[in-house]
Every structure is written in structure tokens, then in C-alpha cells.
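S.K.: Below is the structure I would like to discuss, written out as C-alpha cells.
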Amino acid sequence: QVQFVESGGGLVQPGGSLRLSCAASRSIFSIYPVGWYRQAPGKQRELVASITRYGESNYEDSAAGRFTISRVSAKNTVYLQMNSLKPEDTAVYYCNLVTPTTTYWGQGTQVTVPA
């Protein structure tokens, strides 16, 4: 079993930045790909960014150029640096990891960007 703890969310003005963290209870991020998802009120959860075990990253179109996903294996932590935040980025953000047998989700961290 692995537990994830997300942190770093909060209230930020449009154009501001936040860095989200997802800390795992044991070394796993260098083995499996990791994703950051978000879910806004009344909407489906969507993938925002992902990073493979080899460090290759991918982004949802609205996040590309503004968000950066990174991993520090020595700290068992994955980050999501979010810049130029917009009101439409408001959501609960979750980290996600899928192994051959289990799907893991963190508890989520709220990001609010007022209009």
C-alpha cells in the first residue's frame, strides 16, 4: 500500500502561481507514471499533466506552457508548478498513480482562482 499526501493549494489571484506537491509514503514515483488530475464543481475529473518513469511529461492543452510537472525521486515527491493561473483553473487537484494491480489517488488539494 502507498499513501499520497497533496499540499500547496490555496487562493491565488489571476496571473499568480502555486506549486502543488504530492508526497508518497514510499519510493514509487520512479517506477510508474504519475498524473495530476483536477475536478471542478459539476465537471468530470480530467488529466492535467503526467510524467513517465523516464521523466517524459505531457500536458492537457490548457495547461501546456503554464504548468510544469516534475519529480524528485529522492524525496518521493511529484510537483505541479502552475503559473499564469486563471479562474478556469479552479478545482480540486489530485495526484494519481496506476500500477498493474492498483489505482492510487491522493486526498486532493483545493485551488481557487477568483474571477
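The values are calculated or read from the model by the stated rules, or taken from the named source; none is laboratory data. Note that the structure is a prediction, hence the values are computed from the model and not measured. Counting neighbours? That spans all protein chains shown, and the Cβs are built from the backbone with ideal geometry, glycine included. Surface areas here come from the heavy atoms of the whole protein model, side chains and all, with no ligands, DNA or RNA. Shrake-Rupley method; radii C 1.70, N 1.55, O 1.52, S 1.80 Å.
S.K.: Would you kindly derive the ³J(HN,Hα) couplings of segment 94-103 from the backbone phi angles with the Karplus curve 6.51 cos²θ - 1.76 cosθ + 1.60 (θ = phi - 60°), listing them in order in whole Hz, with x for Gly and Pro?
M.R.: For segment 94-103, the Karplus curve yields 10, 9, 9, 9, 10, 9, x, 10, 9, 10 Hz.
S.K.: Now a separate question. Pull up the DSSP beta bridges for the chain and report the antiparallel fraction as a percent, rounded to 5.
M.R.: Details: 36 of 38 bridges.
Of all bridge pairs located within the chain, approximately 95 percent are antiparallel.
S.K.: Given the options Thr68, Thr103, Thr90, state which has the largest fluctuation in a GNM of the chain using a 10 Å cut-off (strictly under) for Cα springs.
M.R.: Highest fluctuation of the listed residues: Thr103.
S.K.: Pairs of Cα atoms under 8 Å, at least six residues apart: use those to get the relative contact order of the chain, whole percent. Provide the component values of the computation, followed by the final result.
M.R.: On the way: 280 pairs, mean separation 40.8, N = 115.
The normalised contact order for the chain reaches 35 percent.
S.K.: Would you grab the residues whose amide H sits under 5 Å from the one on Val48? Only those 5+ places off in sequence or on another chain, please, with H modelled 1.01 Å from N.
M.R.: For Val48, the qualifying residues are Trp36, Tyr37, Arg38.
S.K.: Residue separation times 0.36 nm, minus the C-alpha to C-alpha distance between Gln81 and Gln39: what's the value?
M.R.: Details: separation 42, 0.36 × 42 = 15.12 nm, distance 1.73 nm.
Difference between extended and current length: 13.4 nm.
S.K.: Could I ask something else about it? Springs between alpha-carbon pairs under 10 angstrom, Gaussian network model over the chain: which of Ser62, Ser21, Ser30 fluctuates most?
M.R.: Ser62
S.K.: Here's another thing I want to ask about it. Applying 1/(1 + (r/R0)^6) with R0 = 25 Å to the Cβ-Cβ distance of Ser25 and Ser57, what FRET efficiency is obtained, to the nearest 0.05? Write down the numbers at each step before the final one.
M.R.: Values: r = 23 Å, r/R0 = 0.93.
Efficiency, from the Cβ-Cβ distance: 0.60.
S.K.: Still on this structure: Choose one answer from Ile28, Ile69, Ile51: the residue with the largest mean-square fluctuation in a GNM of the chain with alpha-carbon springs under 10 Å.
M.R.: Highest fluctuation among the options: Ile28.
S.K.: Report the accessible area of Tyr79, computed with a 1.4 Å probe over the heavy atoms of all protein chains in place, in Å² rounded to the nearest 10.
M.R.: Its heavy atoms expose roughly 30 Å² to the probe.
S.K.: Still on this structure, I have one more. Might you tell me the accessible area per residue for the chain, computed with a 1.4 Å probe and given in Å²? Please report the intermediate quantities before stating the final value.
M.R.: Numbers: 5990 Å² over 115 residues.
Per residue, the chain has an accessible area of 52 Å².
S.K.: About its Cα centre, what dipole magnitude does the chain give when the only charges are +1 on Lys and Arg Cβ and -1 on Asp and Glu Cβ, stated in debye to the nearest 20?
M.R.: Details: 10 positive and 7 negative charges, 55 e Å.
That gives a dipole near 260 debye.
S.K.: I've got another one for you. Would you mind checking which residues have amide H under 5 Å from Gly108's amide H? H placed 1.01 Å from N; only 5 or more apart, or other chain.
M.R.: Glu6, Cys95
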